[in-house]
Structures are given as C-alpha cells and as structure tokens.
Amino acid sequence: MDVQNKPVVVEFGCGTGRTLLPLIERGYSAIGVDLSLPMLEKMGRNFAEKFGRSASAETLISIQANFVELEGLADDCCDHGVCLFSTLGMIAGSDHRRQFLDHARRTIKEGGVFVLHAHNLWQQLRHPGGWSWFAKHLVDVARGNCELGDRFALYRNISEMFIHSFRKRELESLLNDAGFKVETWHRVEDPQNARATVGWVLVCR
C-alpha cells in the first residue's frame, strides 16, 4: 500500500484505533490488524468521525486476523510497526509468540522501526500475595502445565484474561531470534512507585 508516498505503519492489536488515528493525523497511512471484528468496526467508525466520510479508505486498512496466521500480509509491505498494550503477551505459547514476531519482521521493511510493549514478570512479586502466587506458579511450570510468566487475571475489565509477562532476557532473545535488534528500552513505571518497572516499551529495528 502506497498512498501518495505516505509511510505505512501497521499496528498488531490495533483495537479501536487510539494509536493509529493520531499517526494518520501525522501523515501516515495505516494497517490495523486485530482478532476482534467489533474492535475493527469501532475503529472504522472512529476514523470516519475524525476524518470525515470523504477521507480515502486506503488511508486506513483493517484486517481481522490471528497474529500467528499473517501470511496474507506481503513481505516488506510496511515501513514501521507497532504492537502495544501487551498484545504480545496475549499470545499463548512461546512458539506462537515467535511465529508472530517472524511475521512482524517479515512485513516491516529493512531499517523500519518496530515499537513493542510488554509486561515485566518480576513486577508480579510486588502485588499482594505475589510470592505465594509465584511459588504455586513454579510448581505448575515444573509440572509442564504452563510456561514461566503465564497467568490468568483481570485485565482491562476482562476476567480470566491470559497474559504472559516477560523476563528482560527472554524478551530480548525472542526479538533477536526473529531478526529484530533492540535499540532502546523505555521503562514503564508503577504510578505508585517510580522505582518499580511494570514493563517496557522497546524500540527495535
């Protein structure tokens, strides 16, 4: 997609467009990928309200897809990519997360920026009952019931949401294996404790 030579950004897990719409305002064309059709439909309505129904439909393309099945996206079709709100951690299984990152790397042009957000596993220990949860979690990991960092929790008003939290080395290794190089780590601080790292926003190429 090349609309008037605008750079193209793809967001994996675009939701209702709260990241993509501001980027479109700044001169990008956008591809929004999400598994949820209602979210994509809402993003389309938000786009129409913000830019008017006369705005080019090619400025924003919506794709409903599973993130490990992105063969429909062509190689090097996007200049940059975004994956925020711990979307990577919502993919169950390290093999599946790697499949997704392989697709992301394939679709983003060489030299393009990939911005990713992920949660920090060790932050869970700061929560009430965190050490008790971790001890039980290690038993489940040892029994092969889950991977280190997997949990089900209330997340963005969704009960029993699967979410994987990462160790820093694990996350960097996963990105490196897919062909990304992490250029910058930005800490996401706990609003109640600036010394606590809730997660990271990574800038990769």
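Observations on the structure shown:
- Failed criterion for residue 170 (all others in (1) charged (D, E, K, R); (2) crowded, with 16+ Cβ neighbours inside 10 Å; (3) part of a strand (DSSP E or B) hold): (3)
- Residue that is surrounded by the most Cβ atoms within 10 Å (Cβ to Cβ), among those in region 118-137 that are in contact (Cβ under 8 Å) with a residue 24 or more places away in the chain and part of a helix (DSSP H, G or I): 121
- Of residues in region 157-167 being within 18 Å of residue 84 (Cβ to Cβ) and free of Cβ contacts under 8 Å to residues at least 40 places away in the same chain, the one most open to solvent (accessible area, probe 1.4 Å): 157
- If you check 108, 158 for being more than 14 Å from the chain's Cα centre (by Cα) and closer than 20 Å to residue 68 by Cβ, only one passes: 108.
- Of all residues in region 126-149, those satisfying the criterion of being more than 26 Å from residue 193 (Cα to Cα) and under 25 Å from the mean Cα position of the chain (by Cα) are 141, 145, 146, 147.
- Pair list, Cβ under 6 Å, 6 or more apart: region 35-54 residue free of Cβ contacts under 8 Å to residues at least 40 places away in the same chain, other residue surrounded by 13 or more Cβ atoms within 10 Å (Cβ to Cβ) and part of a helix (DSSP H, G or I): 50/21
- Out of 197, 184, one residue alone is part of a strand (DSSP E or B), among the hydroxyl-bearing types (Ser, Thr, Tyr), modelled with pLDDT under 95 and in contact with a strand residue (DSSP E or B) (Cβ under 9 Å, 6 or more places away or on another chain). It is 197.
- When residue 47 is tested against (1) farther than 22 Å from residue 22 by Cβ; (2) outside any loop (DSSP other than H, G, I, E, B), exactly one condition is not met: (1).
The values are calculated or read from the model by the stated rules, or taken from the named source; none is laboratory data. Not measured: the values here are computed from a predicted model. Heads up, the Cβs are rebuilt from the backbone with ideal geometry, glycines too, and the neighbour counts pull from every protein chain shown. Surface accessibility is based on the protein's heavy atoms, side chains included, excluding ligands, DNA and RNA. Shrake-Rupley method; radii C 1.70, N 1.55, O 1.52, S 1.80 Å.
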